[in-house]
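Structure first, commentary second.
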Amino acid sequence: MVSEVKEVTGRGIPLVGNDIDTDRIIPARYLKAITFDGLREGAFIDDRTALKGEHPFDQPQYQGANILIVNRNFGCGSSREHAPQALSKWGVQAVIGESFAEIFFGNCVAIGVPCVTADEAIVKQLQELVAANSQANVSINLETLQVQVGDFAAPVSIGEGTRSTFITGAWDACGQLVANTAQVRVTAGKLPYVSWGKLAAG
């Protein structure tokens with residue numbers, strides 16, 4: 001089934017700071033994992049340890065929140081796909097920021113996590129609103145390109161091509177294959193080097 005992402009709603013997590021790199025998001029020692037399943041515990045683990053419970057990911061008011069609000073050049077550094085996977089396993093379903101490292105952004109798109117940008121002043125206001133009221137409803141609408149926190153609304157941006165992949169569900173390559181199984185069978189049947197029966201049988 002193709003997974004359309006038109007709107008993400010929930011609660012926000014303010015994470016203040018520029019140039020937060022992928023090694024801070026998920027340290028290199030976690031890259032030895034065979035699957036991504038256990039990455040939740042490693043999200044920001046070194047920062048969380050240093051801050052002794054004061055990191056937003058440890059603070060009780062942000063538990064269960066799903067929209068991360070960051071600043072400039074988030075996800076810079078190495079290209080590890082484990083970084084967005086760790087955020088996703090923690091529960092993050094979307095990220096709002098001033099800007100994102102290109103590879104981090106692409107890795108987020110690949111797993112269905114939209115990263116939208118907003119002006120510095122807007123991001124700061126969003127972070128302050130969520131910090132003041134952690135239970136406030138946060139909504140990102142990819143069709144109208146608006147973010148709303150309580151009564152406050154502001155514009156956000158994302159490239160039109162990327163926005164379209166989320167709205168149509170085209171970001172979900174596996175979902176597209178499943179949704180178009182009949183066409184895949186027809187195409188496979190025309191290929192002399194593929195026996196669909198053997199493939200289907202596993």
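The values are calculated or read from the model by the stated rules, or taken from the named source; none is laboratory data. Everything numeric here is computed off the predicted structure, so don't read it as measured data. FYI the Cβ positions are ideal-geometry reconstructions off the backbone, even for glycines, and counts take in every protein chain you see. Only protein heavy atoms, including side chains, enter the accessible area calculation; ligands, DNA and RNA are left aside. Shrake-Rupley method; radii C 1.70, N 1.55, O 1.52, S 1.80 Å.
So, in the stretch 132-160, exactly how many residues are more than 19 Å from the chain's Cα centre (by Cα) and under 19 Å from Pro56 (Cα atoms)?
5
Considering each residue of the stretch 168-181, count those that are part of a helix (DSSP H, G or I) and modelled with pLDDT of 80 or more, and give that number. Steps first, please.
Step one: list which residues in the stretch 168-181 are part of a helix (DSSP H, G or I), which gives 168, 173-179, 181.
From what's left, modelled with pLDDT of 80 or more: 168.
Summing the residues that are part of a helix (DSSP H, G or I) and modelled with pLDDT of 80 or more in the stretch 168-181 gives 1.
From (1) touching an Asp or Glu at 6+ places or on another chain (Cβ under 7 Å); (2) modelled with pLDDT of 95 or more, pick out the condition that doesn't hold for Ile158.
(1)
Could you check how many residues of the stretch 6-51 are in a strand (DSSP E or B), within 27 Å of Ala136 (Cα to Cα) and either of a type outside the set (D, E, K, R) or open to solvent by less than 80 Å² (accessible area, probe 1.4 Å) (or both)? Working first, answer last.
To start, the set of residues in the stretch 6-51 that are in a strand (DSSP E or B) comprises 7-10, 12-14, 21.
With within 27 Å of Ala136 (Cα to Cα) added as a condition, the list becomes 7-10, 12-14.
Subsequent filtering for residues that are either of a type outside the set (D, E, K, R) or open to solvent by less than 80 Å² (accessible area, probe 1.4 Å) (or both) retains 8-10, 12-14.
Residues meeting the conditions: 6.
Residues Gly161, Gly97: which one is without any contact (Cβ under 8 Å) to a residue 24 or more places away in the chain and at negative phi?
Numbers: Gly97 fails: without any contact (Cβ under 8 Å) to a residue 24 or more places away in the chain.
That would be Gly161, the only listed residue that is without any contact (Cβ under 8 Å) to a residue 24 or more places away in the chain and at negative phi.
Is the stretch 98-111 home to any residue that is aliphatic (A, V, I, L, M) and under 21 Å from Val16 (Cβ atoms)?
Initial filter on the stretch 98-111 (aliphatic (A, V, I, L, M)): 101, 103, 109-111.
Filter once more, so that each one left must be under 21 Å from Val16 (Cβ atoms): 101.
The answer is yes; a qualifying residue exists.
For the stretch 105-115, how many residues are over 16 Å from Glu4 (Cβ atoms) and open to solvent by less than 30 Å² (accessible area, probe 1.4 Å)?
Counting residues in the stretch 105-115 that are over 16 Å from Glu4 (Cβ atoms) and open to solvent by less than 30 Å² (accessible area, probe 1.4 Å) gives 2.
Could you tell me whether any residue of the stretch 83-93 is in contact with a Ser or Thr (Cβ under 7 Å, 6 or more places away or on another chain), surrounded by 15 or more Cβ atoms within 10 Å (Cβ to Cβ) and touching a residue at least 40 places away in the same chain (Cβ under 8 Å)? Give the steps one after another, and end with the answer.
Within the stretch 83-93, the subset in contact with a Ser or Thr (Cβ under 7 Å, 6 or more places away or on another chain) is 83.
The next check asks that each one be surrounded by 15 or more Cβ atoms within 10 Å (Cβ to Cβ); those that pass are 83.
Filter once more, so that each one left must be touching a residue at least 40 places away in the same chain (Cβ under 8 Å): 83.
So far as the stretch 83-93 goes, yes, one or more of its residues are in contact with a Ser or Thr (Cβ under 7 Å, 6 or more places away or on another chain), surrounded by 15 or more Cβ atoms within 10 Å (Cβ to Cβ) and touching a residue at least 40 places away in the same chain (Cβ under 8 Å).
Which pairs turn up if I take residues in the stretch 1-20 that are touching a residue at least 24 places away in the same chain (Cβ under 8 Å) and look for partners that are charged (D, E, K, R) with beta carbon separation below 6 Å, at least 6 apart in sequence or on another chain?
Taking only residues 6 or more apart or on different chains, the pairs are Val2/Asp172; Ser3/Asp172; Lys6/Glu143; Asn18/Arg72.
Considering only the stretch 41-71, state which residues are modelled with pLDDT of 95 or more and charged (D, E, K, R).
Asp46, Asp47, Arg48, Lys52, Glu54, Asp58
Looking at the structure I just gave you, is Asn71 outside any helix (DSSP H, G or I) and surrounded by fewer than 18 Cβ atoms within 10 Å (Cβ to Cβ)? Talk me through it step by step, then tell me what you get.
On the way: outside any helix (DSSP H, G or I): yes; surrounded by fewer than 18 Cβ atoms within 10 Å (Cβ to Cβ): no.
The answer is no for Asn71.
For the subset of the stretch 129-167 comprising residues that are among the hydroxyl-bearing types (Ser, Thr, Tyr) and in a strand (DSSP E or B), which member is nearest to Pro14 (Cα to Cα)? Working first, answer last.
We begin by selecting, within the stretch 129-167, every residue among the hydroxyl-bearing types (Ser, Thr, Tyr); these are 134, 139, 144, 157, 162, 164-165.
Remaining after also requiring in a strand (DSSP E or B): 139, 157.
Working: Ser139: 14, Ser157: 19 Å.
Of everything passing the filter in the stretch 129-167, Ser139 is nearest to Pro14 (Cα to Cα).
Considering each of Gly106, Gly64, Gly97, Gly112 in turn, give the residue that is over 19 Å from Ser139 (Cβ atoms) and not polar (S, T, N, Q).
Values: Gly64 fails: over 19 Å from Ser139 (Cβ atoms); Gly97 fails: over 19 Å from Ser139 (Cβ atoms); Gly112 fails: over 19 Å from Ser139 (Cβ atoms).
Gly106 is the lone residue from the list that is over 19 Å from Ser139 (Cβ atoms) and not polar (S, T, N, Q).
List the residue pairs whose Cβ atoms are under 8 Å apart, where the first residue sits in the stretch 28-41 and is more than 12 Å from Ala83 (Cα to Cα), the second is loosely packed, with under 15 Cβ neighbours inside 10 Å, and the two are 6 or more positions apart or on different chains.
none
Check Leu126 against each of (1) of a type outside the set (Lys, Arg); (2) surrounded by fewer than 17 Cβ atoms within 10 Å (Cβ to Cβ); (3) modelled with pLDDT of 80 or more; (4) in a helix (DSSP H, G or I) and name the one condition it does not meet.
The one condition Leu126 does not meet is (2).
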